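Enquirer: Following this message is one structure expressed as structure tokens.
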Amino acid sequence: MMTTQITDNVAFARLKKLTEKICRYDSHRHFLKECDNGEIVPKGFTLKWKMDLHTNEEENGRVAKVLHRTSLHLMSEGIAVCDRVLREVINLKKEYSNKMSSSITKHKFEKLQKELEQFSLETQIEQRKRN
């Protein structure tokens, strides 16, 4: 009985960790999508490069546009990575959840599901505050 309790606790801890990861990546993806829609480049994606030649204002403007477009492309790649990781983690969470549901009582599983939902909501709120 004690071994089952420990196994359940480990499984729940894994589900909780996966839930947190889903919330983090979803928040990050949401932020990047909002920036992408507004063509706003966050500081971390801003490319800085200076041409070490005597350039005029027009040439500097073209370089700035190239850097901006490239930064936007990097953000799009970041969104694609978030999408992939989210799919993988959601599938893994479903696997753990299915395994756990078959090893404990329905009542206990439903209780743990509610705890996970509450944890997920709290984590989402925390992530939104950070952004």
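Enquirer: Considering only residues of the range 111-127 that are touching a helix residue (DSSP H, G or I) at 6+ places or on another chain (Cβ under 9 Å) and farther than 14 Å from Glu20 by Cβ, which is surrounded by the fewest Cβ atoms within 10 Å (Cβ to Cβ)?
Expert: Here the answer is Gln113.
Here is a yes/no grid of residues against (1) hydroxyl-bearing (Ser, Thr, Tyr); (2) loosely packed, with under 13 Cβ neighbours inside 10 Å; (3) at pLDDT 95 or above; (4) under 15 Å from Phe119 (Cα atoms):
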{"residue": "Thr4", "(1), (2), (3), (4)": "yes, yes, no, no"}
{"residue": "Asn9", "(1), (2), (3), (4)": "no, yes, no, no"}
{"residue": "Phe12", "(1), (2), (3), (4)": "no, no, no, yes"}
{"residue": "Leu15", "(1), (2), (3), (4)": "no, no, no, yes"}
{"residue": "Cys23", "(1), (2), (3), (4)": "no, no, no, yes"}
{"residue": "Arg29", "(1), (2), (3), (4)": "no, no, yes, no"}
{"residue": "Asp52", "(1), (2), (3), (4)": "no, yes, no, no"}
{"residue": "Thr55", "(1), (2), (3), (4)": "yes, no, no, no"}
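Enquirer: Look through Ser97, Ser76 and report the one residue that is under 27 Å from Glu126 (Cβ atoms), small (Gly, Ala, Ser), at pLDDT below 95 and surrounded by 11 or more Cβ atoms within 10 Å (Cβ to Cβ).
Expert: Being under 27 Å from Glu126 (Cβ atoms), small (Gly, Ala, Ser), at pLDDT below 95 and surrounded by 11 or more Cβ atoms within 10 Å (Cβ to Cβ) holds for just one of Ser97, Ser76, which is Ser97.
Enquirer: Can you list residue pairs whose Cβ atoms sit under 9 Å apart, with the first residue in the range 116-127 being farther than 13 Å from His30 by Cβ and the second being among the β-branched types (Val, Ile, Thr)? Count only pairs 6 or more apart in sequence or on different chains.
Expert: What qualifies is Leu116/Thr19; Glu117/Thr19; Phe119/Thr19; Ser120/Thr19; Ser120/Ile22; Thr123/Thr19; Thr123/Ile22.
Enquirer: Which condition number in (1) touching a Leu at 6+ places or on another chain (Cβ under 7 Å); (2) in contact (Cβ under 8 Å) with a residue 24 or more places away in the chain is the one that Leu86 fails?
Expert: It is condition (1) that Leu86 fails.
Enquirer: Please specify each residue of the range 100-109 satisfying the condition of being part of a helix (DSSP H, G or I) and surrounded by 12 or more Cβ atoms within 10 Å (Cβ to Cβ).
Expert: Of everything in the range 100-109, those that are part of a helix (DSSP H, G or I) and surrounded by 12 or more Cβ atoms within 10 Å (Cβ to Cβ) turn out to be Met100, Ser101, Ser103, Lys108, Phe109.
The values are calculated or read from the model by the stated rules, or taken from the named source; none is laboratory data. This one's a predicted model, so the numbers in the text were calculated from it and none came from an experiment. Every residue, glycine among them, receives a Cβ derived from its backbone with ideal geometry; neighbour counts consider all protein chains shown.
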